[in-house]
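Written below as structure tokens is the structure these notes are about.
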Amino acid sequence: MSDFIVNEAIEDYAFLNTTREPELLQELIDETNKNMGWPQKLSGRLVGRTLKMLVQLAQPKNCLEIGMFTGYSALSIAEGMPDDGKLICCETNPRAIEFAQTFYDRSPHGHKIDVIFGRALDTIDDLTAKGELAPLDFSFIDADKRNYMNYYERVLELTRPGGMIVLDNVLWSGKVLQPESEIDDVLVEMNRRIADDPNVENTFLTVRDGMNVVRKLR
């Protein structure tokens, strides 16, 4: 299957006609492409500006990101948050953390971001036990897909009514239409469960590799 879910020319057109990210984020993209492996993991403009707009509208103060990579999505989220908001980022790649921190230190929004090294589910359990996480207002999930269901269900428990969860890569390069692997099956089941759950409402967006925007009702 093509890496482009939407026609590539249409994808380019949407990119060119979306508000540009700040110069620091453009530099982050360039440096990620030059110096980091798997640069395609970076969220990019369409996902980043969508996150920033959602957050700017909702004005959440307690936020969580699972899977930070080099910090593009974290800075996009932080850009839309109120100045006293806090974004906790879970990441297992020390090199990515070090890379991202150099950009956080230069950003006017970097003070909103706290990075914690380690497995996300362990971090969530530890912070919850200390009373330092819930209730969550906004979460972005973009980490290992085998654990997507576990991440989603745990985050949903900790999200306040009216809070929002956004999951990236939910189209998985179109493999959700013809699942052949364990990861494909996890994403298909999670997408179905979200759509069928009367306790949430969601909009499944065909932005880049798919974004599932979920709002907890009760």
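Determine the alpha carbon to alpha carbon distance for each of 61/175; 52/145; 34/130; 112/175; 41/130 and list only those over 29 Å. 61/175; 34/130; 112/175; 41/130, as the Cα separations exceed 29 Å there. Residues considered: 59, 40, 26. Largest GNM mean-square fluctuation over the chain, using C-alpha springs under 10 Å, is found at 40. Compute the signed sum of charges (Lys and Arg +1, Asp and Glu -1) over the other residues within less than 12 Å, Cβ to Cβ, of residue 51. After counting each charged neighbour, the total is -1.
Quick one: go through segment 129-157 and flag any residue whose amide nitrogen is under 15 Å from the point 7 Å out along the Cα-to-Cβ line of residue 193. Those under the cut-off are 145-157. Rounded to 0.05, the FRET efficiency of the residue 38 and residue 157 pair, given R0 = 30 Å and the Cβ-Cβ distance, is 0.50. Springs join every pair of Cα atoms under 10 Å in this Gaussian network model of the chain, and among 96, 14, 120 the largest mean-square fluctuation is at 14. Remark: the residue 150-residue 24 segment gains 42.0 nm on full extension, using 0.36 nm per residue and subtracting the alpha carbon distance. Highest GNM mean-square fluctuation among 68, 164, 149, for the chain modelled with Cα contacts below 10 Å: 149. Put a dot 7 Å past the Cα of residue 106, heading toward its Cβ, do the same for residue 218, and the two dots end up 4.9 nm apart.
Estimated from helices alone, the mean residue ellipticity of the chain at 222 nm is -13000 deg cm²/dmol (sum of -39500 (n - 2.57) over DSSP H runs with n ≥ 4, per residue). Measuring nothing but how far apart in sequence close Cα pairs (under 8 Å, 6+ apart) lie, relative to its length, the chain scores a relative contact order of 18 percent. The modelled label-to-label distance between residue 16 and residue 178, using points 7 Å beyond Cα along the C-beta direction, is 3.2 nm.
Secondary structure note: in segment 8-216, about 35% of the DSSP beta bridges are antiparallel.
FYI, it's all coordinate maths here, none of it is from the lab. Quick caveat: nothing in here was measured; it's all calculated off a predicted structure. A quick note on method: Cβ atoms are made from the backbone with ideal geometry, for glycine too, and the neighbour counts reach across all protein chains shown.
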